[in-house]
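Peer 1: Sharing a structure here in structure tokens format.
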Amino acid sequence: MPNITVLLVDDHNIVRQGLKALLTSESNITVIGEAQTGREAVQLATQLRPEVVLMDLAMPLLNGWEATRQINKALPSAKIIVLSSYANEAHIQQAIAAGAAAYLIKQTAAADLVKAIHEVKKGNAFFSPAIAQCIRQESCRTHVEGEPQKPPQVELTPREAEVLQLIAEGFANKQIAGELGLSVKTVEKHRQQVMNKLNIHDTASLVRHAVATGVIETNLAGVPVI
């Protein structure tokens with residue numbers, strides 16, 4: 001059976017160690033890299049060209065959804081498996097929309113991970129049983145009740161989404177400029193565009209929005225959520 005190359009993406013070293021130990025016991029799976037941030041994940045995926053990426057969602061600097069979108073754009077052949085503690089519909093749908101081929105709950109991932117890797121490598125989708133049930137239930141509700149009415153989504157550009165996450169993590173404009181390779185003036189422009197689109201005009205409210213929509217976890221926020 002051909003060898004499958006895998007990139008691990010998680011900001012917790014102990015999680016990466018556990019995943020690596022699990023996967024290295026498989027004779028036809030090779031871990032070729034590890035990333036601690038979403039931005040590092042995009043860089044390593046482009047550089048190492050793994051066949052499968054195991055992606056956490058709550059990642060610093062660039063969250064898992066945006067990293068997934070960027071990897072799909074830069075390396076369409078890579079299959080992305082989301083490993084997350086979140087099992088709610090909104091997170092699942094965002095991951096699928098970003099291009100994830102599989103979605104596993106971290107608490108049960110050990111039982112399904114190797115199978116998921118082989119399935120996505122073959123071009124199939126794969127979901128933890130609880131996730132598959134959630135998707136089926138939502139599909140059934142839509143079929144019975146018709147297309148659900150959802151509030152309109154505010155569309156941020158990929159760059160605006162990056163700036164929003166960094167603001168929510170407590171980065172100042174100058175730090176964001178350095179992180180993204182932009183001028184401070186350009187960062188200020190993106191910041192204002194984000195505020196205008198979201199109709200939010202102070203940093204604390206931006207942080208609350210980022211936490212509420214899953215852009216960051218509460219413990220990643222550098223500004224107190226009030």
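Peer 1: Considering only segment 9-33, how many residues are assigned to a helix (DSSP H, G or I) and open to solvent by 30 Å² or more (accessible area, probe 1.4 Å)? Don't jump to the end; show me each part of the working.
Peer 2: Within segment 9-33, the subset assigned to a helix (DSSP H, G or I) is 13-24.
Add one more test, that the residue is open to solvent by 30 Å² or more (accessible area, probe 1.4 Å), and what stays is 13-15, 17-18, 20-22, 24.
Count: 9.
Peer 1: Condition (residue is touching a residue at least 12 places away in the same chain (Cβ under 8 Å), touching a strand residue (DSSP E or B) at 6+ places or on another chain (Cβ under 6 Å) and within 24 Å of Leu180 (Cα to Cα)) applied to segment 17-28: is it met by at least one residue?
Peer 2: no
Peer 1: It is to be established whether one or more residues within segment 96-110 are farther than 19 Å from Thr37 by Cβ and either basic (Lys, Arg) or under 9 Å from the mean Cα position of the chain (by Cα) (or both).
Peer 2: no
Peer 1: Here's another thing I want to ask about it. If I go through segment 39-79 residue by residue, how many of them are crowded, with 24+ Cβ neighbours inside 10 Å and free of Cβ contacts under 8 Å to residues at least 24 places away in the same chain?
Peer 2: 0
Peer 1: Exactly one of (1) open to solvent by less than 70 Å² (accessible area, probe 1.4 Å); (2) in a helix (DSSP H, G or I); (3) at pLDDT 70 or above is unmet by Gln175. Its number?
Peer 2: All conditions pass for Gln175, except number (1).
For (1) more than 19 Å from Ser77 (Cα to Cα); (2) at pLDDT 90 or above, each residue gets a yes or a no:
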site	(1), (2)
Pro2	no, no
Ile14	yes, yes
Asn28	no, yes
Pro50	no, yes
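Peer 1: Something else now. Return yes or no: is Gln36 more than 10 Å from the chain's Cα centre (by Cα), without any contact (Cβ under 8 Å) to a residue 24 or more places away in the chain and surrounded by fewer than 20 Cβ atoms within 10 Å (Cβ to Cβ)? Don't jump to the end; show me each part of the working.
Peer 2: Values: more than 10 Å from the chain's Cα centre (by Cα): yes; without any contact (Cβ under 8 Å) to a residue 24 or more places away in the chain: no; surrounded by fewer than 20 Cβ atoms within 10 Å (Cβ to Cβ): yes.
For Gln36, the condition - more than 10 Å from the chain's Cα centre (by Cα), without any contact (Cβ under 8 Å) to a residue 24 or more places away in the chain and surrounded by fewer than 20 Cβ atoms within 10 Å (Cβ to Cβ) - is not met.
Peer 1: Further question: When segment 88-101 is examined, which residues are found to be open to solvent by 50 Å² or more (accessible area, probe 1.4 Å) and either in contact with a Leu (Cβ under 7 Å, 6 or more places away or on another chain) or of a type in the set (Gly, Ala, Ser) (or both)? Let's see the steps before the verdict.
Peer 2: Step one: list which residues in segment 88-101 are open to solvent by 50 Å² or more (accessible area, probe 1.4 Å), which gives 88-90, 93-94, 96-97.
Ala90, Ala97 - these are the residues of segment 88-101 that are open to solvent by 50 Å² or more (accessible area, probe 1.4 Å) and either in contact with a Leu (Cβ under 7 Å, 6 or more places away or on another chain) or of a type in the set (Gly, Ala, Ser) (or both).
The values are calculated or read from the model by the stated rules, or taken from the named source; none is laboratory data. These numbers were taken from a predicted model, which means no experiment stands behind them. Heads up, the Cβs are rebuilt from the backbone with ideal geometry, glycines too, and the neighbour counts pull from every protein chain shown. Side chains included, ligands, DNA and RNA excluded: accessible areas come from the protein's heavy atoms. Shrake-Rupley method; radii C 1.70, N 1.55, O 1.52, S 1.80 Å.
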